[in-house]
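Heads up: the structure comes next, in structure tokens.
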Amino acid sequence: MIVVIDFGSQFNQLIARRVRENNVYCQVEPSGISFDKIKQLNPDGIILSGGPSSIYEKNSPTMDAAIFELGIPILGICYGMHYMVHTLGGKIQKADKREYGFASLDIKEADPLFKDMNTGFQCWMSHGDSTIELPEGFVVTASTRNTSIAAIANHEKKFYGLQLHPEVEHSINGSLMIKHFLFNACKCTTNWTMKSFSDGAIAQIKEAVGDKKVIMGLSGGVDSSVAATLIHKAIGKNLFCIFVDNGLLRKNEQEDLEQSLLSKLDLNIQFVDAKDTFLTALGGVTDPEKKRKIIGKLFIDVFEAEAAKIDNAKFLGQGTLYPDIIESKSAFGGPTSIIKSHHNVGGLPEKMKLKLIEPLQLLFKDEVRKLGTQLGIDDDLIWRQPFPGPGLAIRIMGKITADRLMVLRNADAILLEEIRKAGLYRKLWQAFAVLLPIKSVGVMGDKRTFADCIAIRAVTSNDAMTADWAKLPHDLLGTISNRIINEVENINRVVFDITSKPPGTIEWE
Ligand code: XMP
């Protein structure tokens, strides 16, 4: 395995991804990690990440320099390279010319990282500091026009430094450099597969849970479904799932879930019909934040009430993913800026004194999908687009009523059916309908109408932090609009949302 040390780079996760793409396991650890812990992890190599600091700045991140005595290969990227140079006796200086963006990398000397590469290819740089003096035993292996020391190596010790960022896609040969580090320098073996992961996870869950019971909220989304399947494989009937119908689900949500997941697994699942509770509490509410708060609180109330009925429940299963863990770990250890604290079900665990079981906490989203396939979950479920916790409540502008929910459900189902038919479902991050709070005039069958309006939202995105409106073909938009107006009562107009994020958000509320 490889340990990636977090010096605060926004690309930490990308480094980890690049390693895992080679079927080599890797873990991101804060720079404050103790030397003992590193020894315990027994890595085949260490990658020191980049970071926003300057090495001579007060409070710039450091780590236990004993790692350089471990006798294993170390790759320093950007700040990680500066840290290595500085710690081993070289010098770093503020560069005359800041280098940001693309540069051409000229290979100066044979280096295992550059095996089979021609000189002069594009790489991505982002730095204000540069190496000006090498520590003993190092040589310069590559340069760019503005940075004469762009890559270094101590061949004997297998220490390497890259000023460029090999982990970003725009660095040509970047993935290959990481691959060469793993296999030429660290001699890693490729044993990180979803099969090995699931075998290990099932054994661990069995051991941790014993004959106690685990409860878990199922949402119908990918993460909770895969986590539940894995836990179920480990402890079978001692897993108790709870699916809350809050009345804000899409058309056939529960049926789809039953078909794609439950029919294959003999899951213990409690379907709770809490439609009335939610819709009554939401009656007359129009403020988006109020809607969200009411729903969040009620969900916990319902879940707690159900969970209390289960004897000997000592664990709470959750579908937390690795990015959440890295982010929350950073909040306590590493310097990566805090994006969110990791609490899938706010307040619940502590209050209920349940221990958490988070079997996906080492996986990225695409790995979860691979695991789901390996566990035999249907493709339809694995490739489901995200659906927000507050459900359709935040897609009905203004008051939520049973009638308006029905209108939105029907329009949304048509939209998704056509998107699927056009083969676009997996290419879009999300596509959905929004019911607007306005009526407009139309003419249908020679009669004047004054009816509701549906907005179509379709976006592309990698992580939902930013998104672009999807350039859906006009013919497809035409078909969707026609069908919605003809098939959904009370709709006489359909509009298409052409706002990116930012400045818009993906959801309307
Ligand atoms: P926004 O609207 O903030 O949404 O651009 C970003 C992504 O998050 C989803 N979303 C939510 N998911 N609970 C969730 O589980 C929520 O309260 C929530 N609000 C937004 C949204 O669908 C999009 O994928």
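The values are calculated or read from the model by the stated rules, or taken from the named source; none is laboratory data. Note that this is a predicted model, so its numbers are computed, not measured. All Cβ positions, even for glycine, are placed from backbone atoms using ideal geometry, and neighbour counts span all protein chains on display. SASA here: full protein model, heavy atoms, side chains in, ligands and nucleic acids out. Shrake-Rupley method; radii C 1.70, N 1.55, O 1.52, S 1.80 Å.
Do you know which residues across the range 442-463 are within 12 Å of the ligand (Cβ to nearest atom) and either loosely packed, with under 14 Cβ neighbours inside 10 Å or over 36 Å from the mean Cα position of the chain (by Cα) (or both)?
Asn462, Asp463
What is the residue count in the range 254-297 for residues that are among the aliphatic types (A, V, I, L, M), within 25 Å of Gln385 (Cα to Cα), in a helix (DSSP H, G or I) and open to solvent by 30 Å² or more (accessible area, probe 1.4 Å)?
Of the residues in that region, 2 qualify.
Note down all Cβ pairs under 8 Å where the first residue falls in the range 387-402 and is closer than 19 Å to Leu416 by Cα and without any contact (Cβ under 8 Å) to a residue 60 or more places away in the chain, the second is open to solvent by 10 Å² or more (accessible area, probe 1.4 Å) and basic (Lys, Arg), and they're at least six residues apart or on different chains.
Cβ pairs passing all conditions: Ile396/Arg404.
Asn490 is checked against (1) within 20 Å of the chain's Cα centre (by Cα); (2) on the phi > 0 side of the Ramachandran plot and fails just one. What number does that condition carry?
For Asn490, the exception is condition (1).
Picking from Gly372, Gly391, Gly376, which residue would you name as being outside the structural domain of Lys439 (by TED's automatic domain parsing), open to solvent by less than 50 Å² (accessible area, probe 1.4 Å) and within 15 Å of the ligand (Cβ to nearest atom)?
Unique residue meeting the criteria: Gly391.
What pairs come out if I take residues in the range 485-509 that are closer than 14 Å to Ile456 by Cα and pair them with residues that are open to solvent by less than 60 Å² (accessible area, probe 1.4 Å) and part of a loop (DSSP other than H, G, I, E, B) whose C-beta lies under 7 Å away, six or more apart or interchain?
Ile506/Ala464; Glu507/Pro388; Trp508/Met397
How about the range 1-103: which helices (runs of 4 or more DSSP H) wholly inside it have at least 1 residues that are among the basic types (Lys, Arg)?
So the answer is 12-20, 35-41.
Taking Pro437, is it surrounded by fewer than 16 Cβ atoms within 10 Å (Cβ to Cβ) and touching a Gly at 6+ places or on another chain (Cβ under 7 Å)?
Judged against the criteria, Pro437 is a match.
Only one of these conditions is not met by Ser148: (1) open to solvent by 50 Å² or more (accessible area, probe 1.4 Å); (2) farther than 23 Å from Glu99 by Cα; (3) of a type outside the set (Phe, Trp, Tyr). Which number is it?
(2)
Starting from residues that are within 16 Å of the ligand (Cβ to nearest atom) and part of a helix (DSSP H, G or I), keep the ones in the range 400-441 and report whichever is nearest to Thr286 (Cα to Cα).
The residue in question is Leu408.
Hey, does the range 79-97 have a residue that's in contact with a strand residue (DSSP E or B) (Cβ under 7 Å, 6 or more places away or on another chain), under 25 Å from Ile55 (Cα atoms), of a type in the set (Phe, Trp, Tyr) and free of Cβ contacts under 8 Å to residues at least 60 places away in the same chain?
For the range 79-97, residues in contact with a strand residue (DSSP E or B) (Cβ under 7 Å, 6 or more places away or on another chain), under 25 Å from Ile55 (Cα atoms), of a type in the set (Phe, Trp, Tyr) and free of Cβ contacts under 8 Å to residues at least 60 places away in the same chain: absent.
Please enumerate the residues belonging to the range 466-484 that are without any contact (Cβ under 8 Å) to a residue 24 or more places away in the chain and open to solvent by 70 Å² or more (accessible area, probe 1.4 Å).
Correct list: Lys471, His474, Asp475, Asn482.
Yes/no per residue for (1) at pLDDT below 95; (2) open to solvent by 30 Å² or more (accessible area, probe 1.4 Å); (3) assigned by TED's automatic domain parsing to the domain that holds Leu113; (4) closer than 19 Å to His155 by Cα:
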site	(1), (2), (3), (4)
Gly32	yes, yes, yes, no
Asp44	no, yes, yes, yes
Pro52	yes, yes, yes, no
Lys58	yes, yes, yes, no
Ile67	no, no, yes, yes
Leu88	no, yes, yes, yes
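Test Gly120 against the stated conditions and say whether it is on the phi > 0 side of the Ramachandran plot and open to solvent by less than 50 Å² (accessible area, probe 1.4 Å).
Answer is yes for this residue.
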